[in-house]
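Colleague: Just dropping this structure here.
Nothing in this text is a laboratory measurement; each read-out follows from the coordinates by a stated rule. Please read these numbers as outputs of a predicted model, since none were measured by experiment. Here the Cβ is made from the backbone with ideal geometry for all residues, glycine too, and neighbour counts use every protein chain on show.
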Amino acid sequence: MSSMERYISKTVQHIPPSGIRKFFDLVAQREGVISLGVGEPDFVTPWHIREACFYALERGYTMYTSNLGMPELRQEISSYLQRRLGLYYDPATSIMVTVGVSEGVDLALRALLNPGDEVLIPEPSYVSYAPGTELAYGKAVPLRTSARHEFRLTRDELAARITPRSRVLILPFPNNPTGGIMTREDLLELVDIIVDRDLMVISDEIYSELTYGATHASIATLPGMFERTVLLNGFSKAFAMTGWRVGYACGHPDIINAMNKIHQYTMLCAPIMGQVAAIEALRHGEPEMRRMVEDYDHRRRIIVKGLRDIGLDCFEPRGAFYVFPSVQATGLSSEEFAERLLEEEQVAVVPGNAFGASGEGFIRCCYAASLHNIEEALNRIERFVRRHRSGQARAAGAGSR
Ligand code: PLP
């Protein structure tokens, strides 16, 4: 223990560092690396959105906003959700603007949990849910998803993990890191258990606009689920706005009010420049967003085919911008694969176990990268896999003699 560590709260000491960060520190020390690692759009925010922010600054938009966010933005969010999902959230009481979906996850967990309450988290999944749960003094309970079920959450798995302490179910679909989605039928399978066991749902729908050959389904649209769901979404992925830090949370007025109680003492409000840009994104940004989604779809097809041609098992992702191939054929663990691939071929991917134990045996590749980089990365991965497969075959041959 270092000299100051004893002053750090036990809760924080127990939180492991993010497996993604650890890997990016390795990548940052090198040059000439092709990165399929970072989960962020390679597009710059569309010009008209940036321009709206310039004009707003010129007009002196440099102040705090209402804690819940600018009324015009809440109105636009309400109209957007009504036209996309057919859901009506009252902009005055049922919508709040957050500092990215990251803050929405934190606020929802802190508003809903009592100490010791259990949060059911499908795995593999985005890295903030389990630490966010611990920071809210809850207990994270992983739910396994598997390639066999295209990384959907099954009714059996949910039923098997519920206890009298279960309070919240997180639904992270479309999923980071697998690219898996839950259709309306898949979600319907879960509804009666959720209602019977009186669970609340935090539905992280940040990738909901990024689906391919499938329509996004929100659990909030299903019978009995509107009031039980805190719906989270934001601008980072669909509108290529990661740096603007704007997201939103929608739900029952009592829950939004509780989340806002924390928000007003911690964040106060999301940055006004980001909120102005978000208004423009919702008013005029959808055609450009659709073009970006078409582009991701093109790259998705190329990378899935490329990985399969190399001989890696790869289920077809229908959402987000990740593929999650199995690397078990190489005999390497996820971390060995990612570290050696970086070392030997200068390609960065993220080991699947960074997203929970059930991600072991897989790697996450983000295809929000240029086609040129995707193709070059595939060439290098092919060389790498060929080398390691033949090494493994030689070792197996020697062992049998
Ligand atoms: N939720 C998921 C599933 C994510 O993948 C990410 C970022 O990668 C976030 C939330 C955080 O998003 P934001 O930039 O809105 O905080």
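Colleague: What do you get for trypsin sites (Lys or Arg not before Pro) in the range 5-84 restricted to DSSP loop and a cutoff of at most 16 other Cβ within 10 Å of the site's Cβ?
Modeller: Arg30, Arg59
Colleague: Sticking with this structure for a sec: Compute the label zone of Arg165 within the range 92-116: residues whose backbone N is under 20 Å from the point 7 Å along Cα-to-Cβ.
Modeller: 109-116
Colleague: On to the next question. Would you compute, from DSSP H runs of 4+ residues alone, the mean residue ellipticity of the chain at 222 nm, taking -39500 (n - 2.57) per run and dividing by the full residue count, rounded to the nearest 500?
Modeller: Rounded to the nearest 500, it is -14000 deg cm²/dmol.
Colleague: On a 0 to 90 degree scale, rounded to 10, what angle separates helix 100-112 from the longest Cα axis of the chain?
Modeller: So the inclination is approximately 70 degrees.
Colleague: Based on the Cα coordinates of the range 268-322, what is the per residue volume of their convex hull in Å³?
Modeller: Each residue corresponds to 114 Å³ of Cα convex hull volume.
Colleague: Further, regarding this structure: May I ask you to derive the relative contact order of the range 317-367, considering only C-alpha pairs under 8 Å and at least 6 residues apart, and to give it as an integer percent?
Modeller: Relative contact order here is 44 percent.
Colleague: List the residues of the range 179-222 whose backbone N lies under 20 Å from a point placed 7 Å from the Cα of Thr242 along the Cα-to-Cβ direction.
Modeller: Counting backbone N atoms under 20 Å from the label point, the list is 179-180, 204-211.
Colleague: If you don't mind, there's one more thing I want to ask. Given the Cα-Cα distance of Asn114 and Glu375 and 0.36 nm per residue of separation, how much length would full extension add, in nm?
Modeller: Here the segment from Asn114 to Glu375 would lengthen by 89.1 nm.
Colleague: I need the P(r) histogram for the range 290-401: all alpha carbon pairs, bin width 5 Å from 0 out to the longest distance, whole percents.
Modeller: 2, 12, 22, 24, 18, 11, 6, 3, 1, 1, 0, 0
Colleague: Hey, another quick one. Using Cα pairs under 8 angstrom and six or more residues apart, how large is the relative contact order of the chain, in percent?
Modeller: It comes to 23 percent, rounded to a whole number.
Colleague: Given H placed 1.01 Å from N in the peptide plane, which residues other than close sequence neighbours of Leu143 have an amide H under 5 Å from its amide H?
Modeller: Ile121, Glu123
Colleague: Loop only by DSSP, 15 or fewer other Cβ within 10 Å of the Cβ. Give me the trypsin sites (Lys or Arg not before Pro) in the range 129-182 that pass, ordered by residue number.
Modeller: Sparse-neighbourhood loop trypsin sites (Lys or Arg not before Pro): Arg165.
Colleague: Separate question: Given R₀ = 25 Å, what would the calculated FRET efficiency be for His149 paired with Ile193, taking r from the Cβ atoms and rounding to 0.05?
Modeller: Once rounded, the FRET efficiency stands at 0.90.
Colleague: Give me P(r) over the range 333-393, computed from all C-alpha to C-alpha distances, binned every 5 Å, as integer percentages.
Modeller: The percentages, shortest bin first, are 4, 18, 25, 26, 18, 8, 1.
Colleague: Wrap a convex hull around the Cα atoms of the range 1-54, take a quarter of its surface area, and give that in square nanometres.
Modeller: 7.6
Colleague: Okay, next question. Restricting the count to DSSP beta bridges whose residues both fall in the chain, what percent are antiparallel, rounded to a multiple of 5?
Modeller: Beta bridges within the chain, antiparallel portion: roughly 40 percent.
Colleague: With labels modelled as points extended 7 Å from the Cα through the Cβ direction, what inter-label distance (nm, one decimal) is found for Arg383 paired with Arg6?
Modeller: 5.3
Colleague: With angles folded into 0 to 90 degrees, how steeply does helix 286-310 sit against the dominant principal axis of the chain? Use alpha carbons for both and round to 10.
Modeller: Taking the Cα atoms of the chain, the angle to 286-310 is about 20 degrees.
Colleague: Another question, then. Evaluate the Debye formula for the range 188-293 with equal point scatterers sitting on the alpha carbons, no solvent, and hand back log10 of I(q)/I(0) at q = 0.15 Å⁻¹, in q order, two decimals.
Modeller: Debye output, listed in q order: -0.77.
Colleague: For the range 74-143, state which chymotrypsin sites (Phe, Trp or Tyr not before Pro) are in a DSSP loop and have at most 16 other beta carbons lying within 10 Å of their beta carbon.
Modeller: Sites meeting the loop and neighbour criteria: Tyr88, Tyr137.
Colleague: Past the 30 angstrom mark, what percentage of all C-alpha to C-alpha distances in the chain do you count?
Modeller: Percentage above 30 Å: 43.
Colleague: If each Cα of the range 160-221 is one equal point scatterer, what is log10 of I(q)/I(0) from the Debye formula at q = 0.19, 0.29 Å⁻¹?
Modeller: For the range 160-221 at q = 0.19, 0.29 Å⁻¹, log10 I(q)/I(0) is -0.73, -1.33.
Colleague: At a threshold of 8 angstrom on Cα-Cα distance, excluding pairs fewer than six apart, so keeping six or more, what relative contact order does the range 241-323 reach in percent?
Modeller: 22
Colleague: Expressed in nm to one decimal, what extension gain is obtained for the pair Thr215 and Asp25 from 0.36 nm per residue of sequence separation less their Cα-Cα distance?
Modeller: 64.7 nm is the gain from fully extending Thr215 to Asp25.
Colleague: For the chain, with a Gaussian network of springs between Cα atoms less than 10 Å apart, report the residue from Val101, Val195, Val12 with the top mean-square fluctuation.
Modeller: Val12
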